[in-house]
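*Asks:* Can you read through this structure? Questions will come right after.
The values are calculated or read from the model by the stated rules, or taken from the named source; none is laboratory data. On a predicted model such as this, the values are computed, not experimentally measured, just so you know. Cβ atoms come from the backbone with ideal geometry, glycine included; neighbour counts cover every protein chain shown. All accessible areas refer to the heavy atoms of the entire protein, side chains included, with ligands and DNA or RNA removed. Shrake-Rupley method; radii C 1.70, N 1.55, O 1.52, S 1.80 Å.
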Amino acid sequence: MGTLQKGLKAGLLTTWTLGKIIFPITVLVVILQHTPVLPWLIKLVAPFMGIFGLSGEAAIPLVLGNTLNLYAAIAGILSLEMTVKEVFIIAVMLSFSHNIFIETGVALKVGVKLWIVIVVRYGLAILSGIVINLLWKGGGETARYGMAPQITAVPDGWLEIGLLGVQKASFGVLQLALIVIPLMIFVQLLKDRHYLQKFSEKVAPFTKVIGVQPNASTTLVAGLVIGLAYGAGVMIQAVQEDGVSKKDATLAFIFLVACHAVIEDTLIFIPLGIPILPLLIIRVVTAFVLTIIVAYVWKRAEQQKKKEVPVADG
């Protein structure tokens with residue numbers, strides 16, 4: 001009962017905290033759609049968005065997602081009419097590069113260099129957007145946003161525009177609550193039953209596959225289950241207490257950039273009407289392939305350095 005109460009409290013608190021972001025942003029974006037500001041911005045960035053097969057409006061959720069978080073990005077998406085393919089491309093890109101300020105701070109505290117964070121996160125986001133646009137020919141139908149009401153008429157006057165914004169924002173927060181509250185109860189259960197620690201022990205042997213030492217398993221599990229931002233405390237503590245090297249911390253972070261908070265970051269996209277299984281598969285495969293390649297190159301570079309060190313004359 002204690003776990004349920006604590007999880008429910010955490011879920012309601014998280015919904016309230018994130019709702020304070022989603023609600024005003026959704027209302028603001030809906031209002032801006034009916035002013036000269038948004039059309040001007042869209043026209044300015046439209047040519048660049050075309051690289052990813054996106055309309056100029058897609059800049060809104062991309063900017064919100066990168067500067068704030070995925071929930072702010074979803075608020076931006078809820079206020080726009082987009083195709084399934086466009087929403088899917090945005091979801092994949094933001095899976096790699098959202099919440100850049102907070103999560104970059106976490107990476108720096110763990111000991112990862114800034115340039116690695118920027119190159120990996122934005123490199124994956126840009127590359128994934130281009131590749132999906134080129135390879136996927138479907139998804140042309142209009143995305144249906146879960147419980148969000150379908151707009152049948154153009155709002156007339158500022159009062160109707162404001163009411164439309166409030167309506168969309170309310171549905172967005174309600175949808176958020178239905179996902180976040182059960183999620184936080186589940187995370188609380190993992191904490192109280194010490195499943196996170198047990199899972200870390202089970203995962204340890206598999207870390208060698210991606211070139212990381214077993215003592216980095218707790219860092220990986222914390223990031224995988226809770227996320228880079230929510231799991232920051234666990235990750236930083238694990239690096240300090242488990243004696244994780246800078247190399248292993250960097251490799252673990254590279255893996256987690258592509259594939260972190262796999263439960264939350266996958267579930268929150270369900271209301272947007274996109275296929276979430278391919279989203280999860282893309283993230284997991286990218287994480288393994290990229291980390292294995294970097295670990296291999298890093299190991300070869302270390303071996304080469306050892307060969308180049310001159311042998312002292314005896």
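*Asks:* Considering only residues of region 60-72 that are modelled with pLDDT under 90 and not β-branched (Val, Ile, Thr), which is nearest to Gly162 (Cα to Cα)?
*Replies:* Here the residue is Ala72.
*Asks:* Further question: When only residues in region 258-314 that are closer than 25 Å to Val131 by Cβ and acidic (Asp, Glu) count, which is modelled with the highest pLDDT?
*Replies:* Asp265
*Asks:* Let me ask something else about it. Can you tell me which residue is surrounded by the most Cβ atoms within 10 Å (Cβ to Cβ) among those in region 74-92 that are under 15 Å from Gly56 (Cα atoms) and within 17 Å of the chain's Cα centre (by Cα)?
*Replies:* Ile77
*Asks:* Give region 33-58 a look and list any residue that's among the hydrophobic types (A, V, I, L, M, F, W, C), modelled with pLDDT of 80 or more and buried (at least 17 other Cβ atoms within 10 Å of the Cβ), or say none.
*Replies:* Answer for region 33-58, where residues must be among the hydrophobic types (A, V, I, L, M, F, W, C), modelled with pLDDT of 80 or more and buried (at least 17 other Cβ atoms within 10 Å of the Cβ): Val45, Met49, Phe52, Leu54, Ala58.
*Asks:* OK, next. Give me the pairs: first residue in region 189-213 and on the phi > 0 side of the Ramachandran plot, second residue charged (D, E, K, R), beta-carbon distance under 9 Å, and six or more apart or on different chains, which are they?
*Replies:* Close Cβ pairs satisfying both conditions: Gly211/Lys247; Gly211/Asp248; Gly211/Lys299.
*Asks:* Now a separate question. Of all the residues that make up region 97-121, how many are crowded, with 17+ Cβ neighbours inside 10 Å and in a helix (DSSP H, G or I)?
*Replies:* Number of matching residues: 9.
*Asks:* Could you tell me whether Leu44 is of a type in the set (A, V, I, L, M) and outside any helix (DSSP H, G or I)? Explain how you work it out, then say what you get.
*Replies:* On the way: of a type in the set (A, V, I, L, M): yes; outside any helix (DSSP H, G or I): no.
No.
*Asks:* Moving on. Please count how many residues of region 6-16 are touching a residue at least 60 places away in the same chain (Cβ under 8 Å) and within 17 Å of Glu264 (Cβ to Cβ).
*Replies:* Selection size over region 6-16: 7.
*Asks:* Exactly one condition in (1) at pLDDT 80 or above; (2) not in a helix (DSSP H, G or I) is not met by Ala216; state its number.
*Replies:* Every condition holds for Ala216 apart from (2).
*Asks:* Here's a follow-up. Evaluate the following for Gly139: is it closer than 20 Å to Pro271 by Cα, open to solvent by 30 Å² or more (accessible area, probe 1.4 Å), outside any helix (DSSP H, G or I) and not aliphatic (A, V, I, L, M)?
*Replies:* no
*Asks:* Let me ask you something else. Hey, among Thr218, Thr207, which residue is within 23 Å of the chain's Cα centre (by Cα) and open to solvent by 40 Å² or more (accessible area, probe 1.4 Å)? Quick ask: steps written out before the conclusion?
*Replies:* Working: Thr207 fails: open to solvent by 40 Å² or more (accessible area, probe 1.4 Å).
Thr218 is the lone residue from the list that is within 23 Å of the chain's Cα centre (by Cα) and open to solvent by 40 Å² or more (accessible area, probe 1.4 Å).
*Asks:* Quick check, is Val92 at pLDDT below 90 and assigned to a helix (DSSP H, G or I)? Outline the logic, then answer.
*Replies:* On the way: at pLDDT below 90: no; assigned to a helix (DSSP H, G or I): yes.
The answer is no for Val92.
*Asks:* Right, here's the next one. Name, by its number, the condition in (1) surrounded by fewer than 23 Cβ atoms within 10 Å (Cβ to Cβ); (2) part of a loop (DSSP other than H, G, I, E, B); (3) in contact (Cβ under 8 Å) with a residue 24 or more places away in the chain that does not hold for Gly19.
*Replies:* Result: Gly19 passes all but (2).
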